[in-house]
Every structure is written in C-alpha cells, then in structure tokens.
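Here the structure is laid out as structure tokens; the discussion comes afterwards.
Taken together, the values in this text are just the output of simple stated rules run on the coordinates, not laboratory data. This is a predicted model, so every value here is computed, not measured. Please note: Cβ atoms are built from the backbone with ideal geometry, for glycine as well, and neighbour counts cover all protein chains shown.
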Amino acid sequence: MAILFFEEDIKFPLQEKIKVKKWLKEVANLDKFKIGELNYIFCSDEYLYRINVEYLGHKTYTDIITFDNSEKNKMIDGDIFVSIERIRENALKENVPFEKELSRVLSHGLLHLMGYKDKKEEDKINMRKMEDQAISLLNK
C-alpha cells in the first residue's frame, strides 16, 4: 500500500503528507475500498492541458485528471494529475482557502477511482456531497 506525491514541472511541497495519507485512506474506507498504489502528480496548467489533449482528446483546462489502473474489486490503483495553478485560481474564484480547494480536488480524484461520476447533474450533486463528507473527515 502506497500513496505517493510527485511534482512534475512545478515545485509544490505538500504540507502534512502523513496526515493527508491517513485522511485519503479514511475516504477510501467510506465505501470499503483499500488503496494499493495511488500516485498524485502535482503539475502546471499547461502540463495538465497537454495530458487532457493527448490522452482524452479534450482541448480544455481542468484541475484534475484521473487514470484508473485498478484490477481488483475494492482495491484502488491509479494516477491523479493535479494542476496547482487551477486549484489556486478556483480557490480565488470560489472564495475558499487554497487548502480547502486542494482537499476537495484530492478527494475528487480518489472518489472517481471509487466509482463516483460527475458528468450528469445528479452525479455532480452526489460527487459534491461526497467531497464535503471527505473534507469533514480531514477537519475532524
């Protein structure tokens, strides 16, 4: 079991890594998932944009892209690319602290690996509810 954090083309030293790892395990456990290997790759907007175009064919900027490498039921294996620039921008736009927006995005990627979707309006509402629940676990 490993949760790892990487920096691709930016410097972003994640604070309180041990606390974040413990929290992510708790989020996975909400639906009885275990984490096998989970990699968070912090990067720039441009880096994530190139991934979005190359692998998903989307010519848009985004805050996160999740790749599911899971092969076993209830076992999470995946790579989650996170644009720190986009998180900073979204935090300003939504008038929330950077740390809260970062937590929302980190949990969002994990929730995708747990099977949660966010394309339909009903799914978006459920995803936001789960993100809020995840964030409440971090702040307890």
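Within segment 55-75, residues that are without any contact (Cβ under 8 Å) to a residue 60 or more places away in the chain have Cβ atoms under 8 Å from residues that are of a type outside the set (D, E) and loosely packed, with under 14 Cβ neighbours inside 10 Å in these pairs: K59/V53; I65/Y55; I65/L56; F67/Y55; K74/K32; K74/K34; M75/K34, counting only partners at least 6 apart in sequence or on another chain.
Residues in segment 97-140 that are within 27 Å of P13 (Cβ to Cβ) and exposed (fewer than 13 other Cβ atoms within 10 Å of the Cβ): P97, D132, S136, N139, K140. How many residues does segment 1-29 contain that are surrounded by 17 or more Cβ atoms within 10 Å (Cβ to Cβ), among the aromatic types (F, W, Y) and without any contact (Cβ under 8 Å) to a residue 60 or more places away in the chain? Residues meeting the conditions: 1.
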